[in-house]
Amino acid sequence: MSRKYLNDRWCVRCGKTDATPYLKRWARKLPPPGRVLDVGCGNGRNSRYMEAAGYTIDSIDMVDDFGKTVVLGVDKLPGRYKYDIILANYILMFLDNEERSNLMLDMGRVAKKRSMVMIEMYPAKDAYPYDLDEIVGVFGDLGFEIMHKIKDRCILKRG
Ligand SMILES: C[S@@+](CC[C@H](N)C(=O)[O-])C[C@H]1O[C@@H](n2cnc3c(N)ncnc32)[C@H](O)[C@@H]1O
């Protein structure tokens, strides 16, 4: 069974249409309307929420139900814009170490100064192992500091 099948079958069509509680909790503290990149957007629930709040959204996922098709960690992120906010909700654990490292470097490349990155993780059945502290460390090397961190989620801010 391919990862694409699993993601297509289980993630994009998970049925949750409301933004994640963590995003809803923090949305008011994120930089004022600007450009958002939603990596691994799934069915677009978080993209739609941010769009309704006035942001301009670029949404990408390897399943093309919503937004542009990109294989994260393999393809380059769209390079046309720099982003004020990058959402990575429940995506990084689906990438192996190499793909995850590639993606994080690429996120650093497209993130503006004073941008924010939101990461949410979950040890799903078909996920790769991960260590959020290590991930935070990589973003630290890219100039991001922790704004909030709890268990499997965090918000990082670039100075
Ligand atoms: C659990 S869903 C999360 C969706 C959305 N971020 C949310 O919070 O509802 C994970 C998403 O990551 C996508 N995905 C997984 N691996 C990917 C990859 N290598 N490239 C692009 N998208 C990927 C899947 O297709 C799926 O839509």
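Read-outs throughout are calculated quantities, based only on the coordinates presented, and are distinct from any laboratory measurement. Being a predicted model, the structure only gives us computed values, none of them experimental. So basically every Cβ, Gly included, is an ideal-geometry build from the backbone, and we count neighbours across all protein chains shown.
Each of Glu98, Glu120 was scored by other Cβ atoms within 10 Å of its Cβ. Listed from fewest to most, they are Glu98, Glu120. If you take the alpha carbon atoms of the stretch 100-144 and fit the smallest convex hull around them, that volume is 74 Å³ per residue. Straight-line reach from Lys149: which lysines fall under 16 Å, measuring Cα to Cα and dropping same-chain residues less than 8 apart? Result set, ordered by chain and number: Lys24, Lys29, Lys157.
In terms of other Cβ atoms within 10 Å, Tyr122, Tyr128, Tyr22 run from fewest to most in the order Tyr122, Tyr128, Tyr22. Between Lys68 and Arg28, the contour length at 0.36 nm per residue exceeds the Cα-Cα span by 11.8 nm.
Could you work out [θ]222 nm for the chain from helices alone, using -39500 (n - 2.57) per DSSP H run of at least four and dividing by all its residues? Round to the nearest 500 deg cm²/dmol. The partial results should precede the final answer.
Numbers: 5 runs with 42 residues, N = 159.
Taking each H run of at least 4 residues, the total per residue is -7000 deg cm²/dmol.
Of all alpha-carbon pairs in the chain, indicate the percentage at a distance above 24 angstrom.
Considering the chain, 25 percent of its Cα-Cα pairs are separated by more than 24 Å.
What is the extension gain from Lys112 to Glu145, computed as 0.36 nm multiplied by their sequence separation minus the C-alpha to C-alpha distance, in nm to one decimal?
Working: separation 33, 0.36 × 33 = 11.88 nm, distance 1.38 nm.
Length difference between fully extended and current span is 10.5 nm.
Extension gain for the segment Ala124 to Arg80, taken as residue separation times 0.36 nm less the Cα-Cα distance, is 12.6 nm to one decimal. Considering only Arg25, Arg109, Arg48, the mean-square fluctuation computed in a Gaussian network model of the chain, springs between alpha carbons under 10 angstrom, is largest for Arg25. Placing unit charges on each Cβ (+1 for Lys and Arg, -1 for Asp and Glu) gives the chain a dipole about its Cα centre, and among Val110, Tyr128, Leu30 the Cα reaching farthest toward its positive end belongs to Leu30.
What is the stretch 23-104 by shape, rounded, prolate or oblate, if you read a ≥ b ≥ c off the alpha carbon gyration tensor as root eigenvalues and call it rounded for a/c under 1.5, prolate for a/b larger than b/c, and oblate otherwise? Because a/c hits 1.5 or more and a/b exceeds b/c, the stretch 23-104 counts as prolate.
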